[in-house]
Amino acid sequence: MIIFPAVDIKEKRCVRLKQGKADQETVFSDDPVSVARHWEDCGAKWLHVVDLDGAFQGVLKNFETIREICSGINIPVQLGGGIRTLDSARKYFQAGVERIIIGTLALEDKGVLSELCAEYPGRVGVSLDAEDQVLKSKGWVNDTGISVFDVLPDLKDAGVSFLVYTDISRDGMQSGVNIPAVRDVVENTDLPVIAAGGVSRLEDVKSLYALHAKGLTGVITGKAIYSGSLDFKQAVQWLQG
């Protein structure tokens, strides 16, 4: 199981939001590239990057910053946030992103999603961002009314390679992981799942690792590793052990 440090970018700065709310922002650095290098130096095998402006606005506002991150580190980058067209996905792949994570597009245009998965096999995941297992889109501001479990079969059929499941109510709150919700997702799909939202201590990582045999392949952590409640190096060492 891999632990992904999150670098969330808003207006070219590294920030964290509470429950994805744009007005609940904490700025950690004005230099996301140096932050990315820091996590690589701490032992990260992958970097999880989110373009928050893209998620809210649907445009590639932080494209150059993300390209600089990709060229400035030696570990692969997976990216989500505002990728809603084939053209934007292609631009990111050309910029050095290894995997992309689709959110809104996956719910609104399954045809384009299937085309994207066929063009980049093994490199396209879908973000399932949910509150009480009901999906939200467009930067978590639009309530779709669709259950996580309603979309799982279609995503596999479209050729999606992996899923990122985020419990919105826990995200950025450092309140612990919703283990039953994550378990429900991994038990209802045979696609690899990465969990996010609420990872605040090493105990959360250990609790999630219990689901590794069921198909949980990774965990994303953000605010906890910036605030220090989770020691990233310690978590990496525990997983390696």
Rounded to the nearest 5, the percent of DSSP beta bridges in the chain running antiparallel is 25
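Provide the gained length on full extension for the span Gln94 to Met1, in nm with one decimal, where the gain is 0.36 nm per separating residue minus the Cα-Cα distance. Intermediate values should be presented prior to the final figure.
On the way: separation 93, 0.36 × 93 = 33.48 nm, distance 2.75 nm.
Fully extending the segment from Gln94 to Met1 adds 30.7 nm.
Counting only helical runs of four or more DSSP H residues, what would the 222 nm mean residue ellipticity of the chain come to if each run contributes -39,500 (n - 2.57) and the total is spread over all its residues? Let's see the in-between values first.
Values: 11 runs with 92 residues, N = 241.
Mean residue ellipticity at 222 nm (helix-derived): -10500 deg cm²/dmol.
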Please give the Cα centre distance for the range 54-71 versus the range 77-121, rounded to the nearest Å. 13
Taking a crude spin-label model, label points 7 Å out from Cα along the C-beta direction, the Glu64 to Val134 distance in nm is 4.1
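In units of 2.2 N^0.38 Å, what is the alpha-carbon radius of gyration of the chain? Intermediate values should be presented prior to the final figure.
Details: Rg = 16.1 Å, N = 241, 2.2 N^0.38 = 17.7 Å.
The value comes to 0.91.
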Springs between alpha-carbon atoms under 10 Å, Gaussian network over the chain: tell me which of Pro192, Pro180, Pro76 tops the mean-square fluctuations. Pro180
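Would you mind checking Lys10/Lys91; Lys12/Lys91; Lys110/Lys156; Lys91/Lys233; Lys10/Lys223 for any pair whose Cα atoms are more than 23 angstrom apart? Could the numbers behind the result be given before it?
Details: Lys10/Lys91 19 Å; Lys12/Lys91 18 Å; Lys110/Lys156 11 Å; Lys91/Lys233 32 Å; Lys10/Lys223 15 Å.
As for pairs spanning more than 23 Å Cα to Cα, those are Lys91/Lys233.
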Residue among Val151, Val33, Val185 with the largest mean-square fluctuation in a Gaussian network model of the chain, springs linking Cα atoms under 10 Å: Val151
Length added when fully stretched, Ser114-Asp190, from 0.36 nm per residue minus Cα-Cα: 25.6 nm
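No value in this document is a laboratory result; all are computed from the given coordinates. Computed from a predicted structure; not experimentally measured. No Cβ is skipped: glycine too gets one built from the backbone with ideal geometry, and neighbour counts run over all protein chains shown.
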